[in-house]
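Before I ask anything, let me first share the structure, which is written out below as structure tokens.
What follows draws every value from the coordinates through simple rules; no lab data is involved. Only a predicted model underlies this, so the values are computations on that prediction, with no experimental measurement involved. Cβ placement follows ideal geometry from the backbone for every residue including glycine, while neighbour counts extend to all protein chains displayed.
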Amino acid sequence: MENQSCVLIQTEWDIVAARQLGRNVAKEVGFGTVDQARITTAISELARNIYIYAGEGQVCIEKIIKNGQAGLRIVAVDKGPGIPDIRLAMEDGYSTSGGLGAGLPGVKRLMDDFEIDSSLGSGTEIKASKWIR
Ligand SMILES: Nc1ncnc2c1ncn2[C@@H]1O[C@H](COP(=O)(O)OP(=O)(O)OP(=O)(O)O)[C@@H](O)[C@H]1O
Ligand SMILES: [Mg+2]
């Protein structure tokens with residue numbers, strides 16, 4: 001897809017690259033600096049989860065338009081172990097790695113739409129979109 005650019009996540013540097021890509025696309029779409037920061041934070045959290053839990057995966061950034069409204073979608077995909085209990089993983093403070101457990105619920109709050117598709121053994125796909133208000 002022409003409107004989509006992806007970063008392979010294999011090292012911590014790739015997390016930085018995904019953030020930078022997200023910031024550039026967010027600027028192009030027309031988001032203000034506060035929303036740019038929300039979007040880059042969300043990208044960091046999803047990329048970091050891929051790095052920590054799946055080892056590797058991909059973060060794609062898409063420009064989207066619906067009903068004449070412009071926005072940005074983050075698609076984070078990996079073929080890692082998957083999330084056995086999504087409801088639990090979405091709770092504030094739930095972490096299997098001794099983290100704060102703030103990443104996924106944070107991404108949901110920072111973005112407008114949030115979808116998570118994951119099952120044990122087949123990996124995880126998370127889509128999160130934000131629209132220009
Ligand atoms: N891509 C993924 N693959 C497998 N499990 C995941 C993935 N992303 C998240 N998880 C699971 O969901 C839990 C919650 O994730 P979340 O990002 O909210 O918190 P955390 O990573 O544990 O801590 P924090 O992000 O605050 O440092 C994780 O502890 C992990 O068990
Ligand atoms: Mg996390």
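Pairing the Cα long axis of helix 12-29 with the longest principal axis of the chain, what angle in degrees results, from 0 to 90 and rounded to the nearest 10?
30 degrees
Between K27 and D85, with labels modelled 7 Å along Cα→Cβ, what's the label distance in nm to one decimal, could you check?
Simple spin-label model gives 4.4 nm for this pair.
Starting from 0.36 nm per residue, how many nanometres of slack lie between R109 and Y94 once their C-alpha separation is accounted for?
Answer, rounded to one decimal: 3.8 nm.
Could I ask something else about it? Which lysines have a Cα less than 19 Å from the Cα of K63, not counting those fewer than 8 places away in the same chain?
In chain and number order, the partners are K27, K108, K127, K130.
Sticking with this structure for a sec: Quick check: convex hull of the Cα atoms in the stretch 4-131, volume per residue, rounded to a whole Å³? Before the final figure, lay out the partial values.
Details: hull volume 12.3 nm³, N = 128.
Convex hull volume per residue, Cα atoms: 96 Å³.
Could you pull out which residues in the stretch 62-84 have an amide N less than 16 Å from a spot 7 Å beyond the Cα of I132, following the Cα-Cβ vector?
In the stretch 62-84, the label zone of I132 (backbone N under 16 Å from the point 7 Å along Cα→Cβ) covers 62-73.
Still on this structure, please answer the following. Which net charge results for the neighbourhood of A54, defined as the other residues with beta-carbon distances under 10 angstrom from its beta-carbon, given Lys and Arg at +1 and Asp and Glu at -1?
The answer is -1.
Using only Cα atoms, locate the centre of the stretch 1-41 and the centre of the stretch 60-132, then give the distance between them in Å, rounded to an integer.
15 Å
Turning to a different aspect of this structure: For the stretch 46-56, take each phi angle, set θ = phi - 60°, evaluate the Karplus expression 6.51 cos²θ - 1.76 cosθ + 1.60, and give the result in whole Hz per residue in order, putting x for glycine and proline.
Taking θ as phi minus 60°, the curve returns 5, 5, 5, 4, 4, 4, 6, 8, 10, x, 7 Hz for the stretch 46-56.
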